[in-house]
Amino acid sequence: MQKIGVFVCHCGTNIAGTVDVKAVAEALGKEPGVVFSAEYPYMCSEAGQNLIKNAIKDYGLTGIVVCSCSPRMHEATFRKTAAAAGLNSYMVEIANIREQCSWIHKDIKVATEKAIVLGRTAIAKVALNTPLTASSSPVVKRALVIGGGIAGIQTALDIADAGYEVDIVEKEPTIGGKMAQIDKTFPTLDCAACILTPKMVDCAQNEKIHIYSYSEVESVKGFVGNFTVSIKKKARYVDETKCTGCGLCTEKCPMKKTPNLFNLGLDNRSAIYIPFAQAIPKVATIDADYCNMLKNGKCGVCSKVCAAGAIDYKQKDQIIEEKYGAIVVATGFNPIKLDGYDEFAYNESPDVVTSLELERLMNAAGPNGGTLLRPSDKTHPKTIVFVQCVGSRDTTDCGKPYCSKICCMYTAKHAMLIRDKYPDTEVYVFYIDVRTPGKNFDEFYRRAVEEYGVHYIKGMVGKVMPQPDGKLLVRAADLIMNEQVMINADMVVLAAAIEPDKTARPLATMLTASMDTNDFFTEAHPKLRPVESPTAGIFLSGVCQGPKDIPETVAQASAAAAKVIGLLAKDKLLSNPCVAHSDENLCNGCSSCERVCPYGAISYVDKEFRMPDRTTKIRRVASVNAAVCQGCGACTVACPSGAMDLSGFSNKQIMAEVDAICR
Amino acid sequence: MNNNLKEEIIRTSGVNVLKCMRCGKCSGTCPSYGEMEYHPHQFVYMVEKGEIDKLMDSPSIYKCLSCFACVERCPRGVEPAKIVEAVRLAATRRQGGNHLTAEEIPCIVDDDTPGQLLVSAFRKYKK
Amino acid sequence: MSMNEFKPKIVAFCCNWCSYAGADLAGTNRLNYPADVKIIRVPCSCRVNPLFILRAFQRGADGVILCGCHPGDCHYTTGNYYARRRMTLLFSMLDYLGIEKERTRVEWVSAAEGAKFATVMNDFVKTVTELGENKRLEDLRCKK
């Protein structure tokens, strides 16, 4: 016999303002099975919760219905209340009479009637609830960080600091990411390498951190606390354990005409290479597309000069399988391709460069040893034009609709550095808006204007026309002067929009983590859970979640690490008990459920059944792995024999709700 | 502020002026910029403010070459040239008949009118 | 019952992650929609068995609407695609049985689309009200 208690909340005047709560409590008190009915100003307050607890004890309630705000708000609260009073926490149902009733209806009569219907629907459901207990699963005390840029490095260091093992998977031969390519950082102008490389070294020396460089994630299986990940270690044709990073092979390699990707192809390197001097791990890698030995079997110079005998032309890709409790995505970004912007002549003239290319051109380890020279004729540029928002805030097909966030600041930085080093160079910045929200950011931009004399002109550049004399004629509208300006520039720098790395989309599919239309990972809540993916056990760090500058990236990286540590610190995870289960007597073994399950939670087992004629028979029946099942219910509908049902949302319960609404 | 005219311009051009983010790339790219009293970005802004009469009285509407560079380059897909064309059409309609006849054209055309404008006018009116 | 007084019974199935949150947001923003809409929370749109919808019509519902996450945004990756296919089949069968296509609907409402939720519900209630009472599938034995 069901003994149901009904608790109607006033929520101050939020509910009581448009719903006659007394009438609701009275009407619901007459519903079959209801033995107790009460109303109270704030059910979620301690006094309100005590009211519930006492009623459960005094009346021996078998189920309770709380008519209050959305279950998304306080379902967890009232479940705890019930559990504290000794009632199974899944014997609680919430009737949403605030968001879905009192707040949207103005007429008291209408709202009260609806509240009663919602209340009796919840009563009909709770009468069919069954006590559920959450099952627990162990947590593998090891984290995986995908991406070895500043975001991944910071997350890994913080997790390792808490005493947990961390693996970093980085697709390039070295960790460091985009920050390693940057020359100086705003707004303090300290050199990026000087602050990044100590962190890289920390990663390499920390015994809790293992770096899989030149590796990619191949597949991800499992669930929060227990992921199984296969990692492909790409063949670098050099034995990492033997190579000392002396660099002799890179000097002797005859294939010197290989584009240097670390310098964005602005100069050349050898086919066997170490990306940059402070690379971690400092191990050579052979570029198979250019190496003569790998392509034609002729050469072998590097193998001859290597004293450590580290070169191995026969090395193959290697698959490693590891188990992790949590996965952090830190896949980062790239500047967009500018092929769609013919008007800026990026593909026509080598003197039109992107901002990241300018970083390399100005870097002491870059192609010109730190002297800013025009790429075309290696002369000193006298006039430089910066174009902002190239591809950002652009709703056409080749652009990105969002603001890339970092361009205003790095352009101010570039302009300032150029004016500082070469005072004879005139610098023009064409902007739409200058966006500088951040600590000391606006002051930094104002310094560029006021102290360094950078010319800021409001208006987007319309066209860049390469001239026969090698100059670049820039045409733009000065919107404040209301006139068109022409500038004869030596170099044009385009602040290209940034986009998530191309590897992020397939990775999201592997992780079943959701992404927005721009391929940024979605967070579990845009304000309150910014570093977690909606998929449990997946965390987000850095630009993979949205454009960010370095301080923000580091802050988010540490936040993600804190969340991971919180997860790894648990010995067991309680799983959601609202999962599917099959009635083996009804299951006909058709595999329909197995095919629709997005998590692979359903498998088939052979089981012995006693038949009516006292014989036994082996039948193939579905079996649900409760730890893997997420409780979507796709299988319950696919099942033709009705064997599959979902705890907490059973067929009978939903039917009862339908009946109660239509009564 | 002329709301009827504003709605007419927005309807005939099919342009959503609210999409404009005021970057001025249309004016930066306009080859007729120097000839015009009101420039492409001003057309968009003035339509938004409802200042259509000023535009209709300005010779700027006949200086637009209809080269569609602004339409091609606008990062927000606003299509300023279509607004210019719509204002031009409104100006023509204000003069009386709804259509230009072939006989009327020689009287309007002077030597300064760009040839491309005529082509654009025919494209517009043949429909 | 005259048409002026006719108040349709509308059952709305909302997935927990997007549409139910969207309905909550409509409430938070105080966006009005008719009280005839009663929401049943399901974990995912794919949890909605066609039987539930048949049952609703049998018990006298005048319209049934199913709301889920936008395609590609399903919390369970593919649930809403299953729902879409199942409902396409079911609704064409219901149409054949004489339950007008306008009485059934699938809508994608995200957690951020409170305004869309209210608009959809207003529109759906209006459509169903114009169609009048559902008599075709109603099981008169259920009527007291």
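The values are calculated or read from the model by the stated rules, or taken from the named source; none is laboratory data. Quantities reported herein were computed from a predicted structural model and do not represent experimental measurements. Cβ sites come from the backbone with ideal geometry, for glycine too, and all protein chains shown count toward neighbours.
Counting only residues that are of a type in the set (A, V, I, L, M, F, W, C) and closer than 30 Å to C:Arg86 by Cα, give me the helices (runs of 4 or more DSSP H) lying completely in the stretch A:557-663 with at least 3 of them.
Qualifying helices (runs of 4 or more DSSP H): A:634-638, A:651-662.
If you take the residues in the stretch A:381-400 that are within 9 Å of chain B (Cβ to nearest Cβ) and of a type in the set (Ser, Thr, Tyr), which one is nearest to A:His455 (Cα to Cα)?
The extreme case among them is A:Ser392.
For the stretch A:500-531, name all the residues that are touching a residue at least 24 places away in the same chain (Cβ under 8 Å), surrounded by fewer than 22 Cβ atoms within 10 Å (Cβ to Cβ) and not aliphatic (A, V, I, L, M).
Once the filter is applied, which keeps residues that are touching a residue at least 24 places away in the same chain (Cβ under 8 Å), surrounded by fewer than 22 Cβ atoms within 10 Å (Cβ to Cβ) and not aliphatic (A, V, I, L, M), the stretch A:500-531 yields A:Asp501, A:Lys502, A:Thr503, A:Thr512, A:Asn518, A:Phe520, A:Pro530.
Being among the small types (Gly, Ala, Ser) and within 14 Å of another protein chain (Cβ to nearest Cβ) is the filter here, so list the residues in the stretch A:616-634 that pass it.
Within the stretch A:616-634, A:Gly631, A:Gly633, A:Ala634 meet the criteria.
Could you say which residue among A:Asp606, A:Asp613 is over 23 Å from A:Gly325 (Cβ atoms), more than 11 Å from every other protein chain (Cβ to nearest Cβ), out of contact with any Ser or Thr (no Cβ under 6 Å at 6 or more places or on another chain) and modelled with pLDDT under 90?
A:Asp613
Somewhere in the stretch B:73-81, is a residue farther than 16 Å from B:Asn2 by Cβ, crowded, with 24+ Cβ neighbours inside 10 Å and of a type in the set (Gly, Ala, Ser)?
Yes - at least one qualifying residue is present in the stretch B:73-81.
Hey, among A:Val543, A:Val564, A:Val554, which residue is surrounded by fewer than 23 Cβ atoms within 10 Å (Cβ to Cβ) and more than 20 Å from C:Tyr76 (Cα to Cα)?
After ruling out the rest, the residue left standing is A:Val554.
For the stretch C:1-13, give me each residue that is more than 7 Å from chain A (Cβ to nearest Cβ) and either out of contact with any Gly (no Cβ under 7 Å at 6 or more places or on another chain) or of a type in the set (A, V, I, L, M, F, W, C) (or both).
Correct list: C:Met1, C:Ser2, C:Met3, C:Asn4, C:Glu5, C:Phe6, C:Lys7, C:Ile10, C:Ala12, C:Phe13.
Using the structure shown, decide if A:Asp478 is within 14 Å of chain B (Cβ to nearest Cβ) and either in contact with a strand residue (DSSP E or B) (Cβ under 8 Å, 6 or more places away or on another chain) or within 17 Å of A:Tyr346 (Cα to Cα) (or both).
So A:Asp478 passes the test.
If you go through the stretch A:62-89, how many residues are crowded, with 21+ Cβ neighbours inside 10 Å and among the charged types (D, E, K, R)?
Residues meeting the conditions: 0.
What pairs can you find where one residue is in the stretch B:81-110 and over 19 Å from B:Lys63 (Cα atoms), the other is modelled with pLDDT under 70, and their Cβ atoms are less than 8 Å apart, with a gap of 6+ or different chains?
B:His99/B:Tyr125
Just checking, which of A:Val169, A:Val145, A:Val201 is out of contact with any helix residue (DSSP H, G or I) (no Cβ under 6 Å at 6 or more places or on another chain) and crowded, with 20+ Cβ neighbours inside 10 Å?
Exactly one of A:Val169, A:Val145, A:Val201 is out of contact with any helix residue (DSSP H, G or I) (no Cβ under 6 Å at 6 or more places or on another chain) and crowded, with 20+ Cβ neighbours inside 10 Å, namely A:Val169.
Suppose we keep only residues that are free of Cβ contacts under 8 Å to residues at least 60 places away in the same chain and not in a loop (DSSP other than H, G, I, E, B) within the stretch A:239-254. Which one would you say is surrounded by the most Cβ atoms within 10 Å (Cβ to Cβ)?
Selected residue: A:Thr250.
Considering only residues that are small (Gly, Ala, Ser) and surrounded by 14 or more Cβ atoms within 10 Å (Cβ to Cβ), which ones fall in the stretch A:594-641?
A:Ala601, A:Ala622, A:Ser623, A:Ala626, A:Ala627, A:Gly631, A:Gly633, A:Ala634, A:Ala638, A:Ser641
Quick check on this structure: which one of B:Val44, B:Val84, B:Val109 is surrounded by 15 or more Cβ atoms within 10 Å (Cβ to Cβ), more than 14 Å from chain A (Cβ to nearest Cβ) and either out of contact with any Phe, Trp or Tyr (no Cβ under 8 Å at 6 or more places or on another chain) or hydrophobic (A, V, I, L, M, F, W, C) (or both)?
Answer to the selection: B:Val84.
Which of the strands (runs of 3 or more DSSP E) found entirely inside the stretch A:27-120 contain at least 1 residues meeting this: within 14 Å of chain C (Cβ to nearest Cβ)?
Result: A:63-68, A:92-96.
Based on this model, can you work out whether A:Ile654 counts as at pLDDT 95 or above, buried (at least 19 other Cβ atoms within 10 Å of the Cβ) and out of contact with any Leu (no Cβ under 8 Å at 6 or more places or on another chain)?
The answer is yes for A:Ile654.
Any chance the stretch A:129-146 includes a residue that's in contact with a Phe, Trp or Tyr (Cβ under 8 Å, 6 or more places away or on another chain), of a type in the set (D, E, K, R) and away from chain C (no Cβ under 14 Å)?
Yes; the residues of the stretch A:129-146 include at least one that is in contact with a Phe, Trp or Tyr (Cβ under 8 Å, 6 or more places away or on another chain), of a type in the set (D, E, K, R) and away from chain C (no Cβ under 14 Å).
For the stretch C:14-59, which residues satisfy the criterion of being within 8 Å of chain A (Cβ to nearest Cβ), part of a helix (DSSP H, G or I) and within 26 Å of C:Thr88 (Cα to Cα)?
C:Tyr20, C:Ala21, C:Ala23, C:Cys46, C:Arg47, C:Pro50, C:Leu51, C:Phe52, C:Arg55, C:Ala56
Working only within the stretch C:60-100, note down all residues that are part of a helix (DSSP H, G or I), under 16 Å from the mean Cα position of the chain (by Cα) and facing chain A (nearest Cβ under 7 Å).
Listed by number, the list holds a single entry, C:Arg86.
Could you tell me whether any residue of the stretch A:375-391 is assigned to a loop (DSSP other than H, G, I, E, B), under 28 Å from the mean Cα position of the chain (by Cα) and crowded, with 19+ Cβ neighbours inside 10 Å?
Yes, that holds for at least one residue.
Mind listing whichever residues of the stretch A:457-484 are at pLDDT below 95 and of a type in the set (Val, Ile, Thr)?
A:Ile480
Name every residue in the stretch A:516-551 that is within 27 Å of A:Arg142 (Cβ to Cβ) and β-branched (Val, Ile, Thr), in order of residue number.
A:Thr522, A:Val531, A:Thr535, A:Ile538, A:Val543
Counting only residues that are basic (Lys, Arg) and part of a loop (DSSP other than H, G, I, E, B), which one in the stretch A:418-475 is farthest from the other protein chains (Cβ to nearest Cβ)?
A:Lys439
Say we look at the stretch A:267-293 and pick out the residues that are surrounded by fewer than 18 Cβ atoms within 10 Å (Cβ to Cβ) and of a type in the set (A, V, I, L, M, F, W, C); which of these is farthest from A:Lys242 (Cα to Cα)?
A:Ala288
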